[in-house]
Amino acid sequence: MAKKTDTKGRKKKESEVKSKPSYLFYFYFAFLTIIFPIVHYSKALDTALMPRLFALSLFVAIFGVLFYFQMKKYRITSSILKDKVFILMAAFILLSIISLILSSNPIEGLLDIIRLSLMTFIIFWTVVMVTYEPDGLEKMLKFLTLTGLILSVIAFWQYFTDVFQSKEKFFEEYGRQTPIIYQVRGLMAHKNLLSFALGLILPFTIFGTIKLKKNWKRLAIVVTVAILLLLLILQTRAIWVGSFAAIAVVILTLLFLGKHLGVSKKWRISFAVMGVIGFLGIASILFLSQRNSNNQYIKQLQSIVNPSSKQNIHRINIWKTTLDMIPEKPVLGYGPGNWKLHAPKFYKGRFTNEEELNWQRPHNDFLWVMTEKGLLGFAIYMSVFVVIFYYLFRTIRRSENSKDRLFALFLIGALTMYLVASFFDFPYERVFHTMFLGILFATAIILNNKLKSVNNDDKIIKPAFVLLPIAIGIFGAIYAAQCIDQEVHLIVARKNFNYINNMANLGRQLPTQEANRRWRIVLEESQKAQKPLKNMDPQANPIYSYEGIAYMNLGDYVNGVRVLEMARQQHPGNIFILNNLGAAYFHLEKLDIAREYLERSYKIFPSRDCVINLSAVYYKLGMYDEAYEIIQAFPEEKRTGKMLRNLKALETIFENQGQEPEAISN
């Protein structure tokens, strides 16, 4: 029998603010659900991440000021902050700060700390706004339905203009051919991130079809159907797997807790049968259907369990790399934002192409958290989800409100989808996804709070509490603004850098004056991009690396070495930096140092540039056998003209010495 709880005190507190103006509620949700999802800046390298961090940080600071003057009216008690979720979030942030202080590059972890702090404030304010607003939950559903509408309209428009009307199946992105469907990314920077965002909105729009009335109900139905269609069209495997898991968990919940949800035994059995049939249907497609099907959806499904799939091979290799990292720092990890700095030394020959080395994260949020924050941080991280699941299942078992129980069921499905899909992707990094996960957490807390009695002995939270989110919001805005300005300058630097390299790859030598002009632009823009709160670009290249390469190509090897050494300290495993340091020391005739850096780079990955530079160093040092060996070990079809000339020079030396080159060692 469900335990009855005394909610009179809570209702009394809510009624106290019913007559108060609701401008805070509408301002809060209008920003989060309508403005925030469309914030982007086309002049940034990542058009969504830092612009949204800036917008959210600024909003938190402004809202904190407004909230400060309203706290006495709301009379918020300390019971909210005593919730297990807030205690665990505080512990997770504190541990992250400790891990950050002990990391090799603390600045790179600031984004993580700011994002987690903002998420915590969003959870808190969502709980307060919805709890103290008359019909707050219903109003929040309306706002979130609008979010789903905005995301869906943008995505369908992109699909129509960039995919449906296109005659091409692929487009060029980052120098490689990418399926045309990846043009549909909404304003999320990537197709998969758009799918994740839609998946987070889905439980709210589904519940809106039940909770809302009249035109809002119709809109919720339309948006729900649109989101489901997009999740099918976008073909994001992680979301598909997460959705299958979510459906399975929902069916199991109906099977075991169906009585609490008002589902008869007959219907529970029916759901179980449908679940088994669905499982067998998917299994038959995965394992029994003809391989190499012409149907894109079947091919995408089959690729999930295909060990030879290129996507699967790379993910598994980076997961193995990440697992190798954990034993070295198991307790507190490498520090937030520092996974990418230490992963290269654990590659262990798992990657065969240079373009496979550009990993900023392990594409698995669980391994990511475990590596950067240790087993202790991972335990706290997972505990937050355990508590949320507990709240939702508790709502199903104990709530007297049938719609609340049903809402909890939908949220259980959404949370399952998020966790399973996070095993293959990285929503943890993204500001939008983190904030909407925070809204999901807050909703679970709200449903759980309805089951609690009010403790009249709880103290009223003092207005000074709001100074913390105001301060962090201001700092976050300053940080994000610096990052955006940095990216704006890097775009100019990269444009000139890439132009010079592309000309060289095409065998077209730029006139010296033109080349120097462009390298000076790279130098000036990279110097402008130096910021005290951010020292790397979104691809984990230290800003100093751009400056150092520019100095080298302008013939200033002394300054080139000086700056590249600073870049190496920031990212010791970056082969690009190690290669160029080796080349710079080579030109300064410091061959032993050049050899040290180039051998370190070669051990991580034997890139084309590294083989050319290291063979030249070996040649200068009279280590002809070693020079010959590394060129011979390089794939013959990928050898450049410079390699072939060096190889011929070495063979001439061996002929003159009357000896054969040594065989390549195994």
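The values are calculated or read from the model by the stated rules, or taken from the named source; none is laboratory data. Nothing here was measured: the structure is a model prediction, and the numbers come from that model. Virtual Cβ from ideal backbone geometry, glycine too; neighbours counted across all protein chains shown. Just so you know, the surface numbers come from the protein's heavy atoms only, side chains and all, with ligands and any DNA or RNA stripped out. Shrake-Rupley method; radii C 1.70, N 1.55, O 1.52, S 1.80 Å.
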| query | Non-local amide H neighbours of M536 (under 5 Å, H modeled in plane, Pro and chain starts lacking H): which ones? | reply | I543
| Convex hull per residue volume in Å³, alpha carbons only, for segment 377-485 | 150 Å³
| Can you pull the accessible area of K450 for me, 1.4 Å probe, Å² to the nearest 10? | 90 Å²
| field | Volume of the Cα convex hull of segment 537-666, divided per residue and given in Å³ | value | 114 Å³
| task | Would you rank F465, F31 by solvent-accessible area, highest first, keeping every protein chain in place and using a 1.4 Å probe? | result | F465, F31
| remark: Under the 7 Å Cα-to-Cβ spin-label approximation, R608 and M503 lie apart by a distance in nanometres of 1.9 nm
| note | Rounded to one decimal in nm, the spacing of the 7 Å Cα→Cβ label points at F27 and I313 is 5.6 nm
| field | Mean accessible surface per residue for segment 405-496, computed with a 1.4 Å probe while every protein chain stays in place, in Å² | value | 32 Å²
| message | Please give the charge dipole size of segment 45-131, origin at the Cα centre, charges +1 on K and R Cβ atoms and -1 on D and E Cβ atoms. Round to the nearest 20 debye. | response | 520 debye
| Projected-area mean, segment 48-104, by convex hull of Cα positions, square nanometres | 5.9 nm²
| field | Packing rank of 418-427, 386-395, 439-448, 506-515, where each peptide gets the mean count of other beta carbons within 10 Å, highest leading | value | 439-448, 418-427, 386-395, 506-515
| query | What is the Å³ per residue value for the convex hull set by the Cα atoms of segment 201-245? | reply | 60 Å³
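If you filter segment 174-238 for trypsin sites (Lys or Arg not before Pro), then keep DSSP loop positions with at most 12 other Cβ within 10 Å, what is left?
Loop-located and lightly packed - K213.
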| remark: Under the Karplus relation with 6.51, -1.76 and 1.60 and θ = phi - 60°, whole-Hz ³J(HN,Hα) for segment 638-650, x at Gly and Pro, equal 9, 5, 8, x, 5, 5, 5, 5, 5, 5, 5, 4, 5
| request: Place a +1 charge on the Cβ of each Lys and Arg in the chain and a -1 charge on the Cβ of each Asp and Glu, then give the dipole magnitude about the Cα centre in debye, rounded to the nearest 20. | output: 4000 debye
| message | Please report the accessible area of F244 (heavy atoms, 1.4 Å probe, ligands and nucleic acids excluded) in Å², nearest 10. | response | 80 Å²
| query | Rule-of-thumb check for the chain: C-alpha Rg over 2.2 N^0.38 Å? | reply | 1.09
| query | For D556 and K259 in one chain, what is 0.36 nm times their gap in residues minus the Cα-Cα distance, to one decimal in nm? | reply | 99.2 nm
| field | Potential lengthening between E400 and V273 on full extension [0.36 nm per residue; Cα-Cα distance subtracted] | value | 42.9 nm
| request: Using a cut-off of 12 Å between beta-carbons, work out the net charge of the residues near L193 (Lys and Arg +1, Asp and Glu -1, L193 not included). | output: +1
| Beyond 25 Å, what share of the Cα-Cα pairs of segment 81-200 remains, rounded to the nearest whole percent? | 52 percent
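Just to make sure I understand: if all protein chains stay in place, what is the order of E589, E651 by accessible area at 1.4 Å, largest first? Kindly include the intermediate steps, with their values, before the conclusion.
Values: E589 125, E651 70 Å².
The ordering from most to least exposed comes out as E589, E651.
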| query | Given only helices, namely DSSP H runs of n ≥ 4 each adding -39500 (n - 2.57), what is the per-residue ellipticity at 222 nm of the chain, to the nearest 500 deg cm²/dmol? | reply | -22000 deg cm²/dmol
| remark: Per-residue accessible area, 1.4 Å probe, largest first, puts R361, R397, R115 in the order R397, R361, R115
| field | Neighbour net charge for F256 - beta-carbon separation under 13 angstrom, K R +1, D E -1 | value | +4
| task | Once every Cα of segment 501-546 carries one equal point scatterer and solvent is ignored, give the base-10 log of I(q)/I(0) from the Debye formula at q = 0.28, 0.30 Å⁻¹, two decimals. | result | -0.97, -1.02
| query | Along the charge dipole of the chain, which of H587, S57, V558 sits closest to the positive end, that is, farthest toward it, with unit charges on the beta carbon of Lys, Arg, Asp and Glu (+1, +1, -1, -1)? | reply | S57
| query | Got a number for the accessible area of W319? Probe 1.4 Å, square angstrom, nearest 10. | reply | 40 Å²
| query | Within the accessible area of the chain, what % is carbon and sulfur when the probe is 1.4 Å and the other protein chains stay in place? | reply | 60 percent
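Relative contact order for the chain: what percent, with Cα pairs under 8 Å and sequence separation of 6 or more?
19 percent.
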| remark: Non-local residues with an amide H under 5 Å from the amide H of S399, with H modelled 1.01 Å from N and Pro and chain starts lacking one, are none
| request: Report the full-extension gain for the segment R218 to E514: residue separation times 0.36 nm, less the Cα-Cα distance, to one decimal in nm. | output: 100.4 nm
| What's the local net charge at F271, with K and R +1, D and E -1, over the other residues with C-beta under 15 Å away? | +4
| message | Can you give me the accessible area per residue for segment 327-378, using a 1.4 Å probe, in Å²? | response | 38 Å²
| remark: Over all viewing directions the Cα convex hull of segment 100-152 casts an average projected area in nm² of 5.3 nm²
| query | Rounded to a whole number of µm²/s, how large is the Stokes-Einstein D of segment 517-612 at 25 °C and 0.890 mPa s, given Rh as the Kirkwood radius over C-alpha pairs? | reply | 185 µm²/s
